[in-house]
1. Surrounded by fewer than 19 Cβ atoms within 10 Å (Cβ to Cβ) and of a type in the set (Val, Ile, Thr), is that true of Thr170?
2. Which of (1) part of a helix (DSSP H, G or I); (2) modelled with pLDDT under 85; (3) crowded, with 20+ Cβ neighbours inside 10 Å is the odd one out, the single condition Gly115 does not satisfy?
3. Of the numbered conditions (1) under 22 Å from Phe360 (Cα atoms); (2) of a type in the set (D, E, K, R); (3) surrounded by fewer than 23 Cβ atoms within 10 Å (Cβ to Cβ), Arg263 satisfies every one except a single condition; which is it?
4. Output the number of residues of the range 91-112 satisfying the condition of being part of a loop (DSSP other than H, G, I, E, B), at pLDDT below 90 and in contact with a Ser or Thr (Cβ under 9 Å, 6 or more places away or on another chain).
5. Out of all the residues in the range 57-102, which are over 33 Å from the mean Cα position of the chain (by Cα), of a type in the set (Ser, Thr, Tyr) and surrounded by fewer than 16 Cβ atoms within 10 Å (Cβ to Cβ)?
6. Give just the number: which of (1) modelled with pLDDT of 90 or more; (2) touching a Leu at 6+ places or on another chain (Cβ under 6 Å) does Gly252 not satisfy?
7. If Ser322 passes every condition in (1) surrounded by 17 or more Cβ atoms within 10 Å (Cβ to Cβ); (2) under 22 Å from Leu367 (Cβ atoms) but one, which one does it miss?
8. Exactly one condition in (1) out of contact with any Ser or Thr (no Cβ under 9 Å at 6 or more places or on another chain); (2) modelled with pLDDT under 85 is false for Ile58; which is it?
Amino acid sequence: MHEDVRARLDTAFDDGGVQTLKNITRPVQVWRWPPVTAIAPRPASAPTALPLPDKPSIAVLPFQNMSGDPEQEYFADGIVEDIITALSRLKSLFVIARNSTFTYKGKAIDVKQVGRELGVRYVLEGSVRKSGGKVRITGQLIDSKTGAHLWANRYDASLADVFEVQDQLTLNVVGANLYLRALPHMWMATRHELPKAIELLQQSVSVQARSAPALAALAWCLIMAPAVGADASGSAAGEALELARRAVEQDGDDAFAHAIYGRSLTLTVGDCAQGRLHAEEAVRLNPSSAFAWSAIGFVGNLSGDFEAAIASFKHAIRLSPSDTFLYWWMTGLAGAHFALRRYEDAVTSARSAVQRHPSFGSAHRLLAASLALAGRLDEARDVTRRRDRVQTTTHVRRRGNHSPAQLIGDRSGYAVMQPKASQGRRRLWRVKLHGGPLPWPPTLTSSFSYV
């Protein structure tokens, strides 16, 4: 029998040997069928996360009814439905329908899980409290990937104004969306990307004029635009200062806003004392903010406190060694070394900045200048030629009643500064690199306006 069936079955039989069995005269080879082990059912696999759409996506969850009256559930639900409807009209947003988001009503919410299950990056949740003729609505916009709260606000109004509150909350969500869309362009900070960030941030500020992050980000972009060749006129410095002031006014606890305001005060009106106070306030509010520490470094460069600037830039780099803005801080560090005539150190820092951001003109200028003053003229000329290929605009501004010097040099006579206008720059560099001696000590030039 075993010989007959073993080729037909996947199961292996155990050899029981030759046995003597009752009522059978001859010995019999015995094969045992192994016991069947119960196969545990496989655990249900977690639902596959839906892919994110190709545009900002959001789910508006049911708002919690805080009124203490179950009869008011309809009121909270109605507000959420109106917000979903308003957001759905925006072609720039991918909005999950009400029937999907309301399946979470009354449940404990894990925002990250909601993001995976609905395939959205952002989740809006909130609460409604209705008492007498007044209503309070709160809203929080959350990044479902990280769980970070991106924006939160509270609205108090009479019932007669509830529709206005809904509109304002919707506008704030729209403004936050525009702000978030601007950030990738802002982080890149190139001549082509920065104008895109500025356009989106201007739209964001137009619909949420009291958003400190959007105001501060727009101010920073306007400050950086001349440095990357996105604004040859440099005429937006005053606007940047006002935007930064408004950002601090709207949120005095925003470290980024204080950092930008401190830099703007020092750069635009030469108020180094107030600029330092705001930069230091940024560090006090967020001691782990590399951006805040870099603000102290830039204020130090502009006020002549170069040793303090070097320490601040190094601390910023230590806090965030892979930061998007590392090129900017390296340029600032190079500027401080350059001012202290540590040209080889300046070359090292400036070259690192150029490698990280090949189109950042200030880094190219400092690298060429440092090489020239270190006696490495051929390398300086090569950097100058490459710099002319990647950036063709520059700007020199006046700060207060002081005119920044057009040239920096030492007794060997090597010029290291750009002209006032792009026209004729190459000729100026070529002539001055071979020119006669220049007076010492040098004066800070406009390149430090951007580093």
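1. Taking the combined requirement at face value, the residue does not satisfy it.
2. (2) is the only condition that Gly115 fails.
3. All conditions pass for Arg263, except number (3).
4. The total comes to 2.
5. Result: Tyr74, single match.
6. (2) is the only condition that Gly252 fails.
7. All conditions pass for Ser322, except number (1).
8. Of everything listed in (1) out of contact with any Ser or Thr (no Cβ under 9 Å at 6 or more places or on another chain); (2) modelled with pLDDT under 85, Ile58 misses just condition (2).
The values are calculated or read from the model by the stated rules, or taken from the named source; none is laboratory data. In this text the structure is predicted, and so the values were computed from the model without any measurement. Because the Cβ atoms are built from the backbone with ideal geometry, glycine has one as well, and the counts that use them run over all protein chains shown.
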